[in-house]
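Working notes, structure below.
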Amino acid sequence: MIPLHGRLPRAMRDEAVAERTWQADAIPLMITFRDEPVSRPVALLVTAGDLIVYQDVVSRMRGGPEAVAAAIERAVIAAARQAGTFPERLRVRHDDVAQSLDPLLRPRDVAVEAADTPELASAARSMMHAMVGHEMWPPTCHVVDWDAWDLPRPLVSQAFAAAAQFYRRAPWRHAANLQAPRAVLPSGREWTCGILGDGGEEFGLALYSDASDLFDVVATNAPGEVFERIRGRIISLTFETAETVGTAFRTARTRRLELAGRGAYPMLGTINTPGGGVSREEMADLIALLQAVTAFAETYAAELRREVRLGEPLGPLAWTEPASGIVFHYSGEAADAIRRQMNELSSFDDDDGAALDDMPLHIDTLPFDMRSELRDAVAQVMAELGEDADEDTMMAALNRTMEQRTRGYNTRLQTELGGLSPAQVQRLLSSAWEDPHGAVQLEQGLSLDDIGHAALFRRARALLEFAIEHGPLDATQAGNLKLTVVNDLIDHLELADDFAWLRAHSKRITEQDVWPLHSARLICDVAGLLHRRSQRFHVTRNGRRLADPARAGELFALLFRAWFRKFDFEYVSDIEWPGLQQQVAFTLYQLPAAAAEWRTADALLPDVVLPFVLDNAPSGSPAWPLAPIALARAVLQPLAGFGLMEVRAPESGSTAKTLYRSTPLASKLIRFSLD
């Protein structure tokens, strides 16, 4: 290691002078400084041949080629000061960094070029191993706290919102990782988009600047070789649990960043990007593609599933996502990889269980027991054709058999799915509620006479009227309404009788002490009707428009959608069960019939929650069962607030004995289209 200050020893200076081509790079280090937890350490290295001329570590570096070029310029100047000379040429790994760095070093007669830097890579690997105990090249970077990426707060807020929507719509139900279209954005930038999740372990979106990194490198799954062969850069967004990320999850909530649940904290990661960072332009691309890729997967869902089953290419095609103008090109590269995987079936031995265990098929993309069906299908085909049939004939027959079995399963109505088929459940859970042709459609033409009795709606509307009449509402630093505003709103929302005792015994009543007010403010905020700026809540343009009594039905539908699609159920229930919210459309579909008569939440559970979601429900204890409590707090009671459920609470106040019954408003508000 070379000292950071002072000149190099004479022999080293001579070696640096003799080597007229130097190499430089900014390399992310997977460490955190103890005294600076929100950091993203990056090492700056300058080498001359095998000699390290200069090294330094900065605690944070902004993403993008300009920032990295500026940091490398400072490192090269410091290296030249130690060596007593500048090089004739400087090599860096990234083209865009070279373009930004060239005008900075040209006045010093240093020509900058983009090329491989093997000597620097060797030095960087040694440094990584010494500092963090392992090495990876090209370098990778992932940071839990988004402050470490040094991105603008509004951009981070947009990223969280886009990630939450992506997670809720779960496009991995439709597409496998290898079914990755190439996206051309209006800016001209291109990314190959891999949807993560078909393996059932990691969910998210990975963007590849070089498509070969996905189809030729990652698809090989060669242990220890995957990243060595990466050519371009990769930016990924995946999801972690609240327990995994710790305080970062609570920080995100405090900052009112949108989260789809406790299991859906977005984690940003990079491979082979300049300085390990992400530029603002790349972040904007990721945000746009989280929405657009989902739309692509939903549009071609049936064709993508067919490609997985049969290995028949979808495409070539070009499709433009209407909202963003992003053009997706899909040429069926995935079909070749899938066909190679399927060919391994031809050597499958029914007595050799390990053969199927090791087969790299994306079996989680099929909604039934793939292992059992494959065994039966292979046995059926071999019985029909005989063991001497040629491979092409055998594979064609096997594809037809598997297609028939899958189609039959997907279209068969099943009692355990509430009388729906798997295909209908898939449509129900994956459709966007804003889509006029989706599975869940909300009536927006209801009148105040139809919905004026709904307590949550009535209070949210009254809050909007109050904010319009009295101007922006003062807020605390924590993001709640100030005490004086809370006191005024208790009267305006007609809550004085309910909270008379609290007023008599407390002079400091906070917003969270008054749940009917707190829930009304939260839903207006989540629905985009209120916006907090400079510690004041302002009514948005859409909020003023929908406060018009003539638009009551539109306001009601927006609030309902915001509560069940955007609001975090766990905040209401204080119980971690992300699956409940992900399948809430199924619950809403089943409730009118299941709750036609008075029933408890516990009795409703098996009828209104999908079996595989119920299997993963929190258990609690016999005296305090968590699943029915979560259903009651997060779904049934809010539905009562919207007037879609009636509630009959026992005199004892027992939650377990509280009864619920559906109202006619449920069928007026929600229409389902499952075909």
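Site pair Ala323 and Ala379 shows an inter-label distance of 4.7 nm when each label is modelled 7 Å from Cα along Cα→Cβ.
Our estimate of slack between Asn616 and Ser447, defined as 0.36 nm per intervening residue step minus the Cα-Cα distance, is 56.9 nm. Taking a ≥ b ≥ c as the square roots of the eigenvalues of the alpha carbon gyration tensor, region 564-675 is oblate, as a/c is not under 1.5 and a/b does not beat b/c.
Neighbours of Tyr167, meaning other residues whose beta-carbon lies under 13 angstrom from its beta-carbon, give a summed charge of +2 when Lys and Arg score +1 and Asp and Glu score -1. For region 246-314, the gyration tensor built on C-alpha atoms gives a prolate shape. Its axis ratio a/c (a ≥ b ≥ c) is at least 1.5, and a/b is the larger of a/b and b/c. Under 29 Å of direct C-alpha separation, and excluding same-chain neighbours fewer than eight residues apart, Lys668 reaches these lysines: Lys566, Lys657. Does region 596-651 classify as rounded, prolate or oblate by the C-alpha gyration tensor (a ≥ b ≥ c root eigenvalues; a/c under 1.5 gives rounded; else a/b over b/c gives prolate, otherwise oblate)? Prolate, since a/c reaches 1.5 and a/b exceeds b/c.
Give, in nm to one decimal, the length gained when the segment between Arg10 and Ser212 is fully stretched (0.36 nm per residue of separation minus the Cα-Cα distance).
68.1 nm
Entry for region 24-138 at q = 0.12, 0.19 Å⁻¹: log10 I(q)/I(0) = -0.40, -1.01, Debye formula applied to identical alpha-carbon scatterers, no solvent contribution.
Taken together, the values in this text are just the output of simple stated rules run on the coordinates, not laboratory data. Every value quoted in this text rests on a predicted model; they were computed, and no experiment measured them. Backbone-built Cβ (ideal geometry, glycine too); neighbour counts: all protein chains shown.
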